[in-house]
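The structure appears right after this line, and notes come after that.
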Amino acid sequence: MVEVKVDAVRVYSMSSHRVVILKDLESERFLPIWIGQPEAEAITIHLTNTRVARPLTHDLIVNAIRELGATVRYVIVNDLREETFYARLVLRTRDGKDLSIDSRPSDAIAIAVRVGCSIYVDDDIMAQHGQQPEEEAGQEEDLGAFKDFLSTLDLDDLDKK
Amino acid sequence: MIEMKIESIRISLMSTNQQVVILKELDGERRLPIFIGKTEGDAISFHLNGVSVPRPLTHDLAASILSKLNARLSYVLINDLRNQHFYASIVMHLGEDEQEIVLDARPSDAIAIAVRLDCPIFVDEHVLEVAGVELTDEAEADSKEDLGAFSDFISSLDLSDLDKDK
């Protein structure tokens, strides 16, 4: 199990979906997971300390768990099948038993940020789907493309005018 | 406390982010319309329509957490209306001593969980008095008037014109 934290929640202008980026606590590996807009809001509203007049659905879930005498031990993104990530919520009941409950990663993360528990990703999933930011070379290449563009400009035209 | 059933969930043409859930008295004609968010509206209607979803929605997760923690849902109650916000509680019992646990919730979440765990939905009498609407004879009279306008229109048509064209 690799412990991660929520690094960012990103919005893409072309899609109603959002991406939550989980970052390995101990290295520069990132796992992006597509999530729905309401769940993304549930995560960001909490992380940005936005005050809401009434409890949102994930607040209600967290209150229910607490009132029922249970605690959230951790959440884990534990599987990926047919391009869908799976997660589990691991609860400890008031009798000291551990329960594992099937969840979407988005819901698990929205709950984890509220209770402050650890978020884990399965080792294999992080190894196969974790992404490392490209090295400096990548940036120069991008700049290279820009240089290529510049060099195609015929600046002589400017003088002619 | 008055028991209600979900009569319909309506979408608003003016706002794509809002829906209206209409609760109707089980033993009466009063209805209570409550504006709710689209996500919560979908959560209610998907379940009532038996729409199968590949992965548990947030309210499915909430229901499975309550079940797995052995909470017995007794009922949900829409118990207040303040500053144009409806308030609700989820009332459940836990353990052999039947300890009562009451959770503060938005009506939309309470209803989405109630339909999943099959528990009754109640509204406090004073909330229904303030915000309930009744389809009265007047409303029916209105609809006849509407028909009246249609009749007026029909009687204004000069059907003899039809013959002239032929």
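The values are calculated or read from the model by the stated rules, or taken from the named source; none is laboratory data. Computed from a prediction, not measured in an experiment: that's the story for all the values here. Counting neighbours? That spans all protein chains shown, and the Cβs are built from the backbone with ideal geometry, glycine included.
The table for this structure:
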read-out	value
Residue under evaluation A:VAL20, criteria (1) away from every other protein chain (no Cβ under 14 Å); (2) surrounded by fewer than 21 Cβ atoms within 10 Å (Cβ to Cβ), criterion not met	(2)
Whichever residue in the range A:33-69 is surrounded by fewer than 21 Cβ atoms within 10 Å (Cβ to Cβ) and small (Gly, Ala, Ser) and, among such residues, is nearest to A:ARG104 (Cα to Cα)	A:GLY36
Residue pairs meeting the criteria (Cβ under 8 Å; at least 6 apart or on separate chains; first free of Cβ contacts under 8 Å to residues at least 12 places away in the same chain, in the range A:101-116; second part of a strand (DSSP E or B) and surrounded by fewer than 24 Cβ atoms within 10 Å (Cβ to Cβ))	none
Within the range B:115-127, tally of residues that are within 11 Å of B:PHE86 (Cβ to Cβ) and in a helix (DSSP H, G or I)	1
Residue that is nearest to the chain's Cα centre (by Cα) [pool: residues in the range B:25-84 that are among the β-branched types (Val, Ile, Thr) and under 15 Å from A:ARG104 (Cβ atoms)]	B:THR39
The range B:26-59, residues that are more than 23 Å from B:GLU7 (Cβ to Cβ) and within 14 Å of chain A (Cβ to nearest Cβ)	B:VAL53, B:PRO54, B:ARG55, B:PRO56, B:THR58
Output for the range A:29-52, where each listed residue is at the interface with chain B (Cβ under 10 Å from one of its Cβ atoms) and either over 20 Å from B:SER108 (Cα atoms) or in a helix (DSSP H, G or I) (or both)	A:GLN37, A:PRO38, A:GLU39, A:GLU41, A:ALA42
A:PRO55 vs. criteria touching a strand residue (DSSP E or B) at 6+ places or on another chain (Cβ under 9 Å) and at the interface with chain B (Cβ under 9 Å from one of its Cβ atoms)	yes
Failed condition for A:LEU25, given (1) at pLDDT below 95; (2) within 30 Å of A:GLN132 (Cβ to Cβ)	(1)
The range A:70-115: number of residues that are farther than 22 Å from A:HIS129 by Cβ, among the acidic types (Asp, Glu) and out of contact with any Leu (no Cβ under 9 Å at 6 or more places or on another chain)	1
The range B:68-111, residues that are assigned to a strand (DSSP E or B), of a type in the set (A, V, I, L, M) and facing chain A (nearest Cβ under 10 Å)	B:ALA71, B:ALA88, B:ILE90, B:MET92, B:LEU94, B:ILE101, B:VAL102, B:LEU103, B:ALA105
Positions within the range A:60-102 being in contact with a helix residue (DSSP H, G or I) (Cβ under 9 Å, 6 or more places away or on another chain), among the polar types (S, T, N, Q) and at the interface with chain B (Cβ under 7 Å from one of its Cβ atoms), in sequence order	A:THR93
Among (1) surrounded by fewer than 16 Cβ atoms within 10 Å (Cβ to Cβ); (2) at pLDDT 95 or above, the one test that A:ASP122 misses	(1)
From the options B:ILE121, B:ILE34, B:ILE44, B:ILE22, residue that is within 30 Å of A:GLY36 (Cα to Cα), touching a residue at least 60 places away in the same chain (Cβ under 8 Å) and in contact with a Pro (Cβ under 6 Å, 6 or more places away or on another chain)	B:ILE34
